[in-house]
Amino acid sequence: MKFKILGIGLLTLLSSTVLLAQKKSIPQKADSVLSLMTLEEKVGQLNQYNDDNQATGPVTIDNNKIDQIKNGQVGSLLNTIGSERTRSWQKLAMQSRLKIPLLFGQDVVHGYKTTFPIPLAEAASWDLDAITLSARIAATEASASGIHWTFAPMVDISREARWGRVMEGSGEDPFLGSKIATARVKGFQGETRA
């Protein structure tokens, strides 16, 4: 009988220890992963490559990209189009020692698959509901395609017309810009967040 009670007590102790271990905060989880990483892996997580198929800027020609991803030495990829492609890159990342997934980023400034007017043109409408909806549609399409990170909304107040990215913002008025920034963020994040 003593062994049965001892066994139940030991089982209770072990299960409560497991439950406590599972209730780590996000910073605690990140710190525990960081403590397991080598210096090369930490530096490697800062590497960001452009996907081979969809370059929008300078192309990094690196015959070792696949090996670097498998070794946990790449943190993110830009311009990866489609869930099949993101999945194939992610499978390589899951072969790394710590199985840290890749982040996939994309310029989703005025839509993803569905193209909307540029943000400056949307701002001229003053239609915050339509702006929120366009951001929501873009976020839904991008996330369905495997994109985790968008470079939008751009919320700079643009007063210098010679700057080449003025059209990505809402213009020069801070009041309107703040309202549109709120609408876009709500659209991208959705109403409920975990």
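Annotations
- Region 78-106 residues that are free of Cβ contacts under 8 Å to residues at least 12 places away in the same chain, paired with ones that are assigned to a helix (DSSP H, G or I) and surrounded by 13 or more Cβ atoms within 10 Å (Cβ to Cβ) (beta carbon under 7 Å, 6 or more apart): Pro101/Gln90; Pro101/Ala93
- You will find that of Thr192, Thr86, Thr80, the residue that is closer than 18 Å to Gln48 by Cβ and not in a helix (DSSP H, G or I) is Thr80 and no other.
- Within region 138-160, the set of residues being of a type in the set (Val, Ile, Thr) and buried (at least 16 other Cβ atoms within 10 Å of the Cβ) comprises Thr140, Ile147, Thr150, Val155.
- Within region 161-178, being surrounded by 10 or more Cβ atoms within 10 Å (Cβ to Cβ) and farther than 15 Å from Ala121 by Cα holds for Trp163, Pro174, Ser178.
- Pair list, Cβ < 7 Å and 6+ apart or interchain, from region 122-143 residues that are without any contact (Cβ under 8 Å) to a residue 60 or more places away in the chain and within 12 Å of Arg184 (Cβ to Cβ) to residues that are of a type in the set (Asp, Glu) and surrounded by 17 or more Cβ atoms within 10 Å (Cβ to Cβ): Ile131/Glu122; Ser134/Glu122
- Failed criterion for Val74 (all others in (1) modelled with pLDDT of 80 or more; (2) in a helix (DSSP H, G or I); (3) not aromatic (Phe, Trp, Tyr) hold): (2)
- Cross-chain or 6+ apart pairs with Cβ under 9 Å, region 14-37 first and part of a helix (DSSP H, G or I), then at pLDDT below 65 and open to solvent by 60 Å² or more (accessible area, probe 1.4 Å): none
- Cross-chain or 6+ apart pairs with Cβ under 7 Å, region 144-162 first and without any contact (Cβ under 8 Å) to a residue 40 or more places away in the chain, then part of a loop (DSSP other than H, G, I, E, B) and open to solvent by 70 Å² or more (accessible area, probe 1.4 Å): Ile157/Glu172; Ser158/Glu172; Arg159/Glu172
- Residue in region 134-142 that is modelled with pLDDT under 90 and in contact with a Ser or Thr (Cβ under 6 Å, 6 or more places away or on another chain) present: no
The values are calculated or read from the model by the stated rules, or taken from the named source; none is laboratory data. Predicted model, so just to flag it, every value in this text is computed and none were measured. Neighbour counts are summed over all protein chains in view; Cβ atoms, including those assigned to glycine, are modelled from backbone coordinates with ideal geometry. Surface accessibility is based on the protein's heavy atoms, side chains included, excluding ligands, DNA and RNA. Shrake-Rupley method; radii C 1.70, N 1.55, O 1.52, S 1.80 Å.
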